[in-house]
Amino acid sequence: MSRYDDEHGQENEAGRTFAALPPARAREFAQSWWGRAWLRALEDAALDASAVKAGRRLARAVGVGAVTVRPGRVTAVVRDRGGAAHRADVLVPQLSDAEWGRFLDLAVEQAGHMAALLAGELPPHLIEDATAGGIELLPGLGDLEPECDCGTWDHCGHTAALCHQVARLLDEDPFLLLLLRGRAKQAFLTDLHVRSTAPRSEPSTSAVGGVDAAEAWAARDILPPLPELPGLPQTPGTPPSLAAGTAPAPGIDPLALEHLAGRTAVEAYRLLAETLRSDPWDSTALTPALDAVRLACGAPSGAVTERLAQRSGRGREELATAVRAWRAGGVAALTVLDEKWQVEGVSLARACAALEAAWEEDERPPFHTSGNRWTVAGEGVQLRLGRDGHWWPYRDDAGRWIPAGGPDRDPATALATARLVTDSEGSDAF
């Protein structure tokens with residue numbers, strides 16, 4: 001007797017029979033990830049790849065008759081291209097009673113698994129959890145054992161055709177996996193109900209064994225795909241109010257904590273927006289001083305501002321200027337605000353070429369150059385060159401150079417931005 005039949009030898013145990021399926025010419029044989037895993041097990045087991053291709057052709061040509069699925073075995077009559085009929089069987093190892101018990105425990109432990117099963121669905125994550133616990137519902141290498149009266153000892157076109165049709169059936173009803181492993185759907189759901197209503201023993205304190213790295217790597221292609229990235233909400237989330245009747249713990253400032261939560265929500269919103277645009281924002285790691293500037297963008301209360309100014313190493317006015325820079329371009333803009341560097345070599349040649357191309361010779365503003373800063377004499381406007389070749393507009397505000405907008409590759413555009421900013425816009429008030 002085959003190791004794939006149940007331990008009591010009841011090969012006639014009731015199964016399910018499905019009528020011959022219509023042609024699959026306009027679709028893949030497996031749409032679900034578990035159906036694809038079934039076919040992958042066939043491809044891994046077959047020593048002759050041509051047999052798999054022949055089986056695919058037979059399945060497409062409706063060469064597979066009614067399919068019977070029962071514990072440990074699927075059976076069908078398959079007609080080859082010459083019309084000869086052959087009985088084809090594919091045998092699958094059944095789970096032991098102990099393995100079924102562990103699988104039921106997994107299903108009962110999580111309410112989501114339980115609800116899905118009682119609704120007639122087999123949740124993919126339950127199969128993943130079972131695999132992690134050493135319970136194989138999906139077939140692996142060597143699990144699909146062929147038997148065919150054509151005399152071929154390995155997978156032939158007939159057994160491969162049967163496997164392709166079973167993949168289609170699994171797409172429609174993943175509970176067939178349970179039947180193949182030894183439990184009919186209704187019997188399993190009955191056991192599940194009994195398990196869920198029985199008194200629970202104290203949970204075991206023994207550690208759950210991990211998954212071998214090689215097994216995890218081998219299973220990478222049969223797991224369901226990652227979900228799509230979430231869409232961008234209309235606005236950042238609003239943290240809950242921390243105003244409460246109880247006094248805060250010593251050293252905790254509720255206003256500062258509320259502001260921190262709000263700025264964290266804004267930062268999370270910005271990061272998500274940048275990720276969805278596939279245009280990652282400057283990846284420079286935030287230092288505590290830089291992060292203090294980021295947090296100051298939310299117009300915090302006076303006491304919080306003082307703490308942020310101290311943390312950033314800037315005075316209140318300097319912090320206000322840094323906030324303007326952050327809003328114009330994050331870390332890159334802060335670098336341009338704080339850093340003065342000598343433009344030389346190729347960078348200088350490119351900068352000069354950009355300035356010459358931006359204006360006609362008689363329209364070019366009279367610049368005074370100092371390092372990476374080009375100042376227009378008498379106008380109170382300035383261009384600062386970033387190390388990436390972008391030009392940043394600046395304007396003079398009561399003797400302080402403050403950012404006037406975002407960067408541009410064209411120096412004329414950046415200078416026009418600086419000129420358009422009026423004195424009434426001033427610096428941020430705290």
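In sequence order, the range 156-169 has phi-based couplings of 10, x, 6, 5, 5, 5, 4, 4, 5, 6, 4, 4, 5, 5 Hz under the Karplus curve 6.51 cos²θ - 1.76 cosθ + 1.60, θ = phi - 60°, and Gly or Pro positions carry x. Extending 7 Å from the Cα toward the beta-carbon at both Gln310 and Glu379 defines two label points whose distance is 4.3 nm. Between the beta carbons of Cys352 and Leu420, assuming R0 = 35 Å, the FRET efficiency works out to 0.90 to the nearest 0.05. Put simply, the amide H of Phe18, placed in the peptide plane, has neighbours under 5 Å in Val67, Thr68, Val69, leaving out anything fewer than 5 places away on its chain. The Cα center of the range 52-109 and the Cα center of the range 341-411 differ in position by 73 Å. Around the amide H of Arg73, modelled in the peptide plane, lie the amide H atoms of Val92, all under 5 Å away and 5 or more residues distant in sequence or on another chain. In plain terms, the chain from Ser370 to Arg60 could stretch by 104.1 nm, reckoned as 0.36 nm per residue minus the Cα-Cα distance. The simple spin-label model puts a point 7 Å past each Cα toward its Cβ; for Ala119 and Glu172 those points are separated by 2.2 nm. Its relative contact order, with pairs defined as Cα atoms under 8 Å and 6+ residues apart, puts the range 352-413 at 24 percent.
Ordered by solvent-accessible area of protein heavy atoms (1.4 Å probe), largest first, the residues Leu257, Leu337 come out as Leu257, Leu337.
Stretching the chain fully between Glu318 and Ala111 yields a gain of 69.1 nm (0.36 nm per residue, less the alpha carbon separation).
The simple Förster model, with R0 at 60 Å and r as the Cβ-Cβ distance, assigns Glu267 and Glu136 a FRET efficiency of 0.85.
I need the peptides 93-105, 64-76 ranked by packing, meaning the mean over residues of other C-beta atoms within 10 angstrom, with the highest value on top. Each step should come with its number before you reach the end.
Numbers: 93-105: 15.8, 64-76: 21.3.
Ranking the peptides 93-105, 64-76 by packing returns 64-76, 93-105.
In this simple spin-label approximation, Leu255 and Gln186 carry label points 7 Å from Cα along the Cα→Cβ vector, and these lie 7.0 nm apart. Of Glu339, Glu317, the residue with the largest accessible area leads and the full order is Glu317, Glu339 (1.4 Å probe).
Taking 0.36 nm per residue of sequence separation and removing the Cα-Cα distance, the Arg409/Leu242 pair yields an extension gain of 55.6 nm. Taken one residue at a time, the phi angles of the range 364-380 give Karplus couplings (6.51, -1.76, 1.60, θ = phi - 60°) of 5, x, x, 8, 10, 9, 9, x, 9, 10, 10, 10, 8, 4, x, 10, x Hz. Gly and Pro are set to x.
The values are calculated or read from the model by the stated rules, or taken from the named source; none is laboratory data. Computed from a predicted structure; not experimentally measured. For neighbour counting, all protein chains shown are included, and Cβ atoms are generated from backbone atoms with ideal geometry for every residue, glycine included. With ligands, DNA and RNA removed, areas are computed over all heavy atoms of the protein, side chains included. Shrake-Rupley method; radii C 1.70, N 1.55, O 1.52, S 1.80 Å.
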